[in-house]
Amino acid sequence: MPAQDEAQTRVLEDLDAAALHYATRMAEASGAERTALRDELTRTCLPFAGRMARRYRGRGESLEDLEQVARLGLVKAIDRYDPERGSFTAYAVITISGEIKRHFRDRTWGVHVPRRIQDLSLEVGHASMVLTTELSRTPTPAELAERLKVTEAAVLEALESAAGYSPSSLNAPAGGDGAAEFGDLLGDHDSDLEMVDDKLTVAGLLLRLPARERRMLAMRFYGNRTQAEIAAELGISQMHVSRLLSRSLAWLREAMLSDALPRWEGAGGAVDAHGMQVSVQRGGGVVTVRVQGEVDRDTAERLRTSLRHAISSARGDRMVIDLAGVPLVDAAGVAVLLDAASAAAVADAELTLTGAQPYVARILGVSGLQNLLDLRGEG
């Protein structure tokens, strides 16, 4: 056995013997004697605490601070020592190492890192120094992982987290003249930041549009669909799609620039020139109601009123609602037609829906009005 190892073993055995002697005398000592015995054992073990502290030097903390922490751990080990639990030296190593690691974890990290990663980072740093000496080069993560008996991914995580131990200051000089700071080199002007308020406002306004218009806007501007493709999917003309998109965009623009929401039927509160029109004709025992334009939530009540008047005057005659001029019917329009069917049944008037375009016919068919549809358009 080398002379150095023999000397170290002899020192550790001396510490164990001194600790046993201390424990035996403490059991019979008075208050003042106990303090003197504690101080005596502490002085004896101080060189041992210093050697423990030097194991952790070169990690960003001064050796003086580490020695103070190690001495604190030594005092805790002496106060808690129980001879029946084993070697004092082994217990002191665990206590002092734990105190030093706690110091690194709680007092020296500039960024919060989980305790598990902090402890592993210390072990990786110590193993790196040892392997660098043995290999005469910087060890690889795989070699560190093999040394510490952990996975290579854990070593990489510890190495990456070590950057949080002493982060750079944003106020550190970035140039030789000291005119610029490190923080000036980070980040850039975000041109989209000024648009955040507008985007949030538009998102809220879109929810106030009818579902049909929202769908068309999404297909046009988010799905990058052409007006012809939108028209084909909705079963309407491309000209009608263009008009609906223009009306929606005009309403959004005015709503963005005003404090109060404008009326949906046209920007600026003007009545839509393409609004719904209803005409009633009587002849030959048939009351014909011709509807022109869209039947949606904005026009549904007008149609409901017109149909109620027409049904009340039918008096058992046949009643036909001509939908040839209706390109679109939404849920509010379907509700009006269902209401008309119920009112016609009460008035004992035969009701027929005729002239419905394919898209409108599909909507009415799945809404419970299939039996009233005359797809041939005969009056």
* Structure fact -> To the nearest 0.05, the calculated FRET efficiency linking A218 and K149 through their beta-carbon distance, R0 being 56 Å, is 0.50
* Would you mind ranking D330, D192 so that the residue whose beta carbon has the fewest other beta carbons within 10 Å leads the list? => D192, D330
* Structure fact -> Simple spin-label estimate for E350/E254, 7 Å along Cα→Cβ, in nm, reads 4.6
* Structure fact -> By Cβ neighbour count within 10 Å, fewest first, D39, D317, D65, D322 rank D39, D65, D317, D322
* What full-extension length gain, to one decimal in nm, is calculated for Q292 and E233 as 0.36 nm per residue of separation minus the Cα-Cα distance? -> 19.1 nm
* Under Karplus coefficients 6.51, -1.76 and 1.60, residue-wise ³J(HN,Hα) of region 39-50 in Hz, glycine/proline x -> 5, 5, 5, 5, 4, 5, 8, 4, x, 4, 5, x
* To do: Collect residues whose amide H, placed 1.01 Å from N in the peptide plane, falls under 5 Å from the amide H of E294; neighbours closer than 5 in sequence don't count.
  => M276
* Asked: Which value in nm describes the separation of the simple spin-label points at K76 and S191, placed 7 Å from the Cα toward the beta carbon?
  -> 5.7
* Of H126, H189, H103, how do they rank once you tally other Cβ atoms within 10 Å and put the fewest first? -> H189, H126, H103
* To do: Give, in nm to one decimal, the length gained when the segment between E134 and H309 is fully stretched (0.36 nm per residue of separation minus the Cα-Cα distance).
  => 52.8 nm
* **Inter-label distance for R208 and D119, nm, one decimal - labels placed 7 Å from Cα along Cα-to-Cβ** => 5.9
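Readers should treat all values here as calculations from the given coordinates under stated rules, not as data from a laboratory. Just so it is clear, the structure is predicted and the values come from calculations on it, not from any experiment. Note that each Cβ is placed from the backbone with ideal geometry, even for glycine, and that neighbours are counted across all protein chains shown.
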